[in-house]
1. Counting DSSP beta bridges in the chain, what percent are antiparallel, to the nearest 5?
2. Using a Gaussian network model of the chain with C-alpha springs under 10 Å, which one of L51, L79, L94 is most mobile by mean-square fluctuation?
3. For segment 1-84, what is the convex hull volume of the alpha-carbon atoms per residue, in Å³?
4. Given 10 Å bins starting at zero, what is the percent of C-alpha pairs of segment 112-188 in each, up to the one with the largest pair distance?
5. Anyone know which of G180, G34, G73 comes out most mobile in the 10 Å Cα GNM of the chain?
6. For a footprinting-style exposure proxy, rank K138, K72 by other Cβ within 10 Å, fewest first.
7. The list (i) 8, 34, 36, 16, 4, 0; (ii) 9, 36, 41, 14, 1; (iii) 10, 40, 39, 11, 0 gives values of P(r) over Cα pairs in 10 Å bins from 0, in percent, and only one came from this structure; which label was calculated from it?
8. For the chain, set up a Gaussian network in which alpha carbons nearer than 10 Å are linked by springs, and say which option among Y11, Y70, Y121 fluctuates the most.
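All of the numbers you see were taken from the coordinates with simple rules; none came from a lab. Keep in mind that what you see is a predicted model, and the values were worked out from it rather than measured. Every residue, glycine as well, gets a Cβ built from its backbone with ideal geometry; the counts of neighbours run over all protein chains shown.
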Amino acid sequence: MEQLKLSDERYEEIKLKVLETFKNYNISCVPVSGFEIVTKMGIKINMYSSLSYEKLVASLKFSNDGFSLYDKGKWTIFLNDIDNGYRRQNNTLLHEVGHIVLDHTEDSELADKEANFFAKYALVPPVLVYKLNIKSVKQIEDIFEVSHQAAKYALDYYCKWYNFSGRIKPYEIELANLFGYDVGTLEVSYNQK
């Protein structure tokens with residue numbers, strides 16, 4: 001079975017949505033908090049631990065992490081606080097925010113792939129890894145408060161970004177500026193294109 005791949009253009013659109021979300025809700029510090037964003041968006045969070053037994057069983061069958069529902073003009077995110085710690089919950093919240101800001105209307109492999117990328121990029125933007133001169137998985141874990149696995153993915157993504165992106169893009173400069181970092185228009189790669 002062929003793995004679904006997003007186009008380069010769609011990745012760029014999602015990165016711009018992350019920037020737009022940060023700007024709209026005044027997100028300007030690391031670690032990025034999904035709880036802060038969700039609160040500022042006016043989205044209610046229902047923790048699995050507060051659900052009745054029947055709703056808990058149904059929720060766990062639907063997702064071990066969490067999910068979002070749109071009902072009567074309002075979003076609610078259901079979040080597994082029983083089995084998952086803060087870092088996993090934060091990632092799940094940003095995944096669900098991704099679904100919401102990307103206007104996903106149905107569950108699909110494509111929607112999940114896009115929401116996963118939104119969360120990954122929002123939690124650990126490569127331009128911030130660059131500006132903070134981070135070189136290890138442990139540093140990413142500690143500074144961005146993500147799981148070890150998420151930190152490994154983030155470092156791998158950063159290395160690809162650093163080696164193949166060429167120049168820092170205008171939206172990356174804007175994102176870094178939101179967090180108080182001046183990156184100018186530096187080249188991030190020594191590769192000849």
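1. Roughly 65 percent of the beta bridges in the chain run antiparallel, per DSSP.
2. Most flexible of the set in this elastic network: L51.
3. Spelled out: Cα convex hull of segment 1-84, divided by residues, is 165 Å³.
4. Calculated P(r), rounded to whole percents: 19, 53, 27, 1.
5. The residue with the greatest mean-square fluctuation here is G73.
6. Values: K138 12, K72 5.
Going from least to most buried by this count: K72, K138.
7. Given (i) 8, 34, 36, 16, 4, 0; (ii) 9, 36, 41, 14, 1; (iii) 10, 40, 39, 11, 0, the calculated one carries the label (i).
8. Top of the fluctuation ranking is Y70.
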